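First comes the structure, then the notes that go with it.
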Amino acid sequence: MNQVWGTITGNGDNPRTLVVVFLRGGADGLTLVPPIGDSDYWRKRPVLAVNENTVVRLEGEKRFGLHPLLAGLTEPYSNGDLAVIHCVGSEDSTRSHFEAQDLMEHGGVNTPGGWLGRFLRARPGIRGGPLSAVAFGKSIPECLRGAPSVTALQSLDDFSLGSNIGQFIEQLDSLYGCWGKDVALHSAGMDTIKAIRCIEKLDRKSYQPEHGAEYSDHPFSRGLSQVAQLIKAKVGLDVASVDLNGWDSHWAQDILMDQLISELSQGLQAFYRDLGQKWMETVSVVVMTEFGRRLYMNSSLGTDHGRGSVMFVMGGGVKGGRILSDWKGLKDDVLEGRGDLPVTTNYRNVLVPILERHGAHDLSGVFLEYELSPLLL
């Protein structure tokens, strides 16, 4: 086996993969995971509250339920592979999408690069290959800025060059070889070549999901399907990011969120089933959003920007089958501002135990200048 392929599969026969799903737009945690044990929820949200007769009720859980379109997540929840954290978010009170996402993805103010990028650099003795970090989308998310190597693509087919692959790589190799004195350019070029070689070895067209898993044709599901393919191919995938956009529900929230919740549930359920117990033992999926929505409905049958929302953590090793929340209720003296759910759990404290499970031993360089109090996940 040559040195290039040895690097690509460098994290061994039992690699760990962290998949970060960002719900961009500010997802309403009170709709995703309604507080069914709080009578103020239905009283203060008479129109937008999840129907009490259709909400998914979870065994042993009296405080919260799941939106009916999240029923697909009852499978990992019942198996102890899914934990839900409510009233989670950032300490920053901005209601700006750009600012909130930027602060959350960087892991703090004035921090170099993103928290995922710093995590990948903080693992002792682990050298990532060209596909150690993959972002499915048009660009690299801020959380992966500063990573040793990142590949951004909308589809694995983006790297398909057919019968010209050999000639193309030779020309590319020669081109970057001419720029050998430019270390950054040369390194980027070599990573590109390695990534192309690695992806070309995959049998992409004939991939069949296992265990009856069915992915939709939505970009989110397609992204998760291709993450599953990379994991099974043992290409050394340490981190993958897949976004699900469009959660800014100022107007007609019920209609908008039904579509998005359905895609979220179907994609995560298919991914969980496809990987099965064998692969999920070494995989963690984190679902997060920049902030939640206001409790009260606005004049456009939607909700405005709020504070606290929810996170989901799914995978092997997760102490799941639980909804964790320091729930304060929905009384007016508990809500922030004009009716926002308070943040009682900082998102970093959800991420810390996951990052430790994936090889980070010293997180002081990942989340700078923040006193951590990690959850037991």
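The values are calculated or read from the model by the stated rules, or taken from the named source; none is laboratory data. Keep in mind the model is a prediction, meaning the values are calculated, not measured. All Cβ positions, glycine included, derive from the backbone under ideal geometry; neighbour counts span all protein chains shown.
Figures for the structure shown
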{"item": "Any pair with Cβ under 6 angstrom, 6 or more apart, that starts in the range 297-314 at a residue that is closer than 25 Å to residue 345 by Cβ and ends at one that is at pLDDT below 95 and not small (Gly, Ala, Ser)", "result": "305/95; 313/377"}
{"item": "Residues that are closer than 19 Å to residue 242 by Cα and surrounded by fewer than 21 Cβ atoms within 10 Å (Cβ to Cβ), drawn from the range 289-333", "result": "none"}
{"item": "Checklist (1) surrounded by fewer than 23 Cβ atoms within 10 Å (Cβ to Cβ); (2) at pLDDT 85 or above; (3) in a helix (DSSP H, G or I) applied to residue 168, failing item", "result": "(2)"}
{"item": "Selected residue (criterion: nearest to residue 282 (Cα to Cα)) from residues of the range 354-376 that are surrounded by 18 or more Cβ atoms within 10 Å (Cβ to Cβ) and at pLDDT 90 or above", "result": "358"}
{"item": "Residues satisfying the stated conditions in the range 247-261, i.e. buried (at least 16 other Cβ atoms within 10 Å of the Cβ) and touching a Gly at 6+ places or on another chain (Cβ under 9 Å)", "result": "247, 248, 249, 250, 253, 256, 260"}
{"item": "Residues satisfying the stated conditions in the range 18-51, i.e. within 23 Å of residue 252 (Cβ to Cβ) and either in a helix (DSSP H, G or I) or modelled with pLDDT under 95 (or both)", "result": "29, 30, 31, 32, 41, 42, 43, 44"}
{"item": "Number of the condition not met by residue 269 [criteria: (1) part of a helix (DSSP H, G or I); (2) among the polar types (S, T, N, Q); (3) farther than 26 Å from residue 68 by Cβ]", "result": "(3)"}
{"item": "Residue in the range 324-377 that is farthest from residue 28 (Cα to Cα), counting only those that are in contact with a Gly (Cβ under 8 Å, 6 or more places away or on another chain) and of a type in the set (Lys, Arg)", "result": "357"}
{"item": "Elements of type helices (runs of 4 or more DSSP H) contained in the range 59-132, each with 3 or more residues being surrounded by fewer than 21 Cβ atoms within 10 Å (Cβ to Cβ) and either in contact (Cβ under 8 Å) with a residue 60 or more places away in the chain or not hydrophobic (A, V, I, L, M, F, W, C) (or both)", "result": "74-78, 97-106"}
{"item": "Conditions (1) within 17 Å of the chain's Cα centre (by Cα); (2) closer than 13 Å to residue 221 by Cβ; (3) outside any strand (DSSP E or B); (4) in contact (Cβ under 8 Å) with a residue 60 or more places away in the chain; number of the one not met by residue 263", "result": "(4)"}
